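> Below you'll find the structure I mean.
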Amino acid sequence: MQLEKKVGNELIKTINRKDGVDAALDLTEAFLDTQISDELLGNIPLLGLLVKLKNFGCSISDYYFIKKLQKFVFHLGEVSTVERDEFFRKLSEDSEHQARVNDNLLLLLNASDDIEKPSLIGTVFSAYVRGAVNYEHFMQFSSAVNSLNCYQLKLLKEQNERQVARSVGHALASHGLVIVSVPTLAGSSTPNYYLNDEGALFLHCLFGSVVEWE
C-alpha cells in the first residue's frame, strides 16, 4: 500500500493538532534515522538512502511524498494559533467539505513534479486558513502552481506589471488568471496575456508581489 493511501483522511486531522506542524517537520528526519543496518552504506548519501528506505519497507516515491508533506506544512507554522484553531473548528463542522479538502490536498501534493511546489501550495493553503483567499481560490491557485515549470515560476516571482510572458500566460490562461488579448493589426494573430484581478491575487498570495496597474 502506498504511503498516500496510508495517510488517507488523517492529513487534515494531523496538521490540526497543536503539535502537528512540528511533528510533520520532524517526520522526514525520523523516517531516515530508522533501522540503518549498514554503517558503510549509510555514510554514502544515495546508497545510504536506498538502504534506509529498503529496511523501512518504503519506496523512493514514499520518501519524496514525505518530503512533500514536510515542505507543505512548513508555512502553516507561520499562521497564528488563533487563526488555525478557528479554521479547523469551522472545517470540522462540515465533514463532507473536510473530506473534500483532505482528498484534494493529497491529490495536489501527489501531482507536484518539483520538490519546491508543495511549499508554494502550503503558502496558498496558509492564506486559505487565514481567510485571505477562499477554497475555490486555493484550488485554482494550487492547480496553477502544479501546471507551471520552475522557469515560469521564477518569471512570475519577478513579475511587477500586468503583461506576462507568453509562455507563462498560455499556462495561466487555462486557470482563468489572465486576460487574453489578440492584436488587431493586420497579419498579427499572436495573443498577449495580462493578469486579471485573480492573477494579481495569485502572485500576491505566492510571493507577496504587488502588480502595478496602468
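The values are calculated or read from the model by the stated rules, or taken from the named source; none is laboratory data. Please read all numbers here as calculations on a predicted model, not as lab measurements. In this analysis, Cβ positions are derived from the backbone assuming ideal geometry, glycine residues included, and neighbour counts consider all displayed protein chains.
> If only one of S95, S112, S126, S142 is touching a Pro at 6+ places or on another chain (Cβ under 8 Å) and not assigned by TED's automatic domain parsing to the domain that holds L195, which one is it? Step through it out loud before you land on a result.
Working: S95 fails: touching a Pro at 6+ places or on another chain (Cβ under 8 Å); S126 fails: touching a Pro at 6+ places or on another chain (Cβ under 8 Å); S142 fails: touching a Pro at 6+ places or on another chain (Cβ under 8 Å).
After ruling out the rest, the residue left standing is S112.
> With respect to V129, determine if the residue is surrounded by 15 or more Cβ atoms within 10 Å (Cβ to Cβ), β-branched (V, I, T) and modelled with pLDDT of 95 or more.
Details: surrounded by 15 or more Cβ atoms within 10 Å (Cβ to Cβ): yes; β-branched (V, I, T): yes; modelled with pLDDT of 95 or more: no.
Here the answer is no, as V129 does not meet what is asked.
> Another question, if that's okay. Go through the residues of the range 134-144 one by one and say whether even a single one is in contact with a Lys or Arg (Cβ under 9 Å, 6 or more places away or on another chain), touching a residue at least 60 places away in the same chain (Cβ under 8 Å) and crowded, with 20+ Cβ neighbours inside 10 Å.
No, every residue in the range 134-144 fails to be in contact with a Lys or Arg (Cβ under 9 Å, 6 or more places away or on another chain), touching a residue at least 60 places away in the same chain (Cβ under 8 Å) and crowded, with 20+ Cβ neighbours inside 10 Å.
> Answer yes or no: is there a residue in the range 93-101 that is in contact with a Phe, Trp or Tyr (Cβ under 8 Å, 6 or more places away or on another chain) and under 15 Å from S119 (Cα atoms).
no
> May I ask you to list the residues in the range 97-142 that are within 21 Å of E78 (Cα to Cα) and not in a helix (DSSP H, G or I)?
If the condition is that a residue be within 21 Å of E78 (Cα to Cα) and not in a helix (DSSP H, G or I), then I115, E116, G131, A132, V133, N134 are the ones that fit.
> What residue, among those in the range 148-187 that are in contact with a Ser or Thr (Cβ under 7 Å, 6 or more places away or on another chain) and surrounded by 15 or more Cβ atoms within 10 Å (Cβ to Cβ), is modelled with the lowest pLDDT?
Filtering the range 148-187 for residues that are in contact with a Ser or Thr (Cβ under 7 Å, 6 or more places away or on another chain) and surrounded by 15 or more Cβ atoms within 10 Å (Cβ to Cβ), the one modelled with the lowest pLDDT comes out as Q159.
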